[in-house]
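Readers should treat all values here as calculations from the given coordinates under stated rules, not as data from a laboratory. Since we're looking at a predicted model, the values are computed, not measured. Glycine gets a Cβ as well: all are built from the backbone with ideal geometry, and neighbour counts include every protein chain shown.
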Ligand SMILES: C[S@@+](CC[C@H](N)C(=O)[O-])C[C@H]1O[C@@H](n2cnc3c(N)ncnc32)[C@H](O)[C@@H]1O
């Protein structure tokens, strides 16, 4: 089950943003710290447009990829994207709460920017646990929006961050990253590694990251302006200030991501 009002929507620009997003995180987050031997049967739950599956297939040749998503439009885009990327994967339309696979079907389950959107993350993780072989691994990656900091900040940037936290909390979990290790324990996983990654971007990295963060926030802007107490003009000013951060002397931008891992 998806939470009401998926904040990013399913339009083509959003689908293309997911592809750019996976590219953005290819080395520093998806590949970094990941070990997948050839032959590994990997399931991505909430695979969206196949952007992460494509990166995994390219970075770890010889793994067997399967993806599920609840939204047929995402899977249609994913089929084209994976073909263009030269990566083979089997895709299924399914709800993460009822994965259409037998017990112990996979060696690895991957979830990325996904649990923040679901109403019952622990129930989803329990089904992931069920489809993993004993000793199989899970990688789950989420952010906590309240950890986002900009320096020097402006009232409009602060309003934008507050709106994003409120928007994610209203439609899912704004603090999924911080909650991940606890959710994994509750779902029955062992050897949970929190995988906390605090990022602080400056200098050359800042331009890239400020653009990336602005794109993520902009993709949710329509949903954010519907929230009580938000001011459309102020949120747009926040986006402008964030994009201009790189021009400020000594500027920085950061947030905390969790790349949590655990075993069945
Ligand atoms: C932000 S996208 C992330 C996609 C992909 N993991 C990535 O990083 O590019 C979240 C995806 O989760 C899917 N989704 C939401 N709730 C779901 C559910 N209950 N079961 C399966 N997929 C779901 C949405 O349709 C969407 O494609």
Antiparallel DSSP beta bridges within segment 33-113, as percent of all bridges there, nearest 5: 0
Expected-Rg normalisation [2.2 N^0.38 Å, Cα atoms] applied to segment 107-189: 1.29
Prolate/oblate/rounded label for segment 143-213 (Cα gyration tensor, a/c 1.5): oblate
FRET E, pair residue 12, residue 240, Förster distance 30 Å, beta-carbon r, rounded to 0.05: 0.75
Residues in segment 169-183 reached by a label modelled at residue 71 [backbone nitrogen below 18 Å; 7 Å Cα→Cβ]: 169-174
20 Å cut-off, amide nitrogen to a point 7 angstrom out along residue 37 Cα→Cβ, residues in segment 138-180: 138-139
Three-way shape call for segment 15-131 based on the alpha-carbon gyration tensor, with the a/c threshold at 1.5: rounded
Helix-derived mean residue ellipticity, 222 nm - over the chain, DSSP H n ≥ 4, -39500 (n - 2.57), to 500: -13000 deg cm²/dmol
Förster-model FRET efficiency, 51 Å R0, residue 130 and residue 205, C-beta, rounded to 0.05: 0.80
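Can you give the Kirkwood hydrodynamic radius of segment 12-84 from its Cα pairs, in Å with one decimal?
Kirkwood radius, segment 12-84: 12.4 Å.
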Residues 90, 105, 260 arranged by fewest to most Cβ contacts within 10 Å: 90, 105, 260
DSSP beta bridges in the chain [antiparallel fraction, %, rounded to 5]: 50
Euclidean distance of C-alpha centroids, segment 221-235 and segment 77-95, integer Å: 34
Estimated translational D of the chain in µm²/s (Stokes, Kirkwood radius over Cα pairs; 37 °C; 0.692 mPa s): 174
Neighbour-count ranking [beta-carbon atoms within 10 angstrom, fewest first] of 49, 66: 66, 49
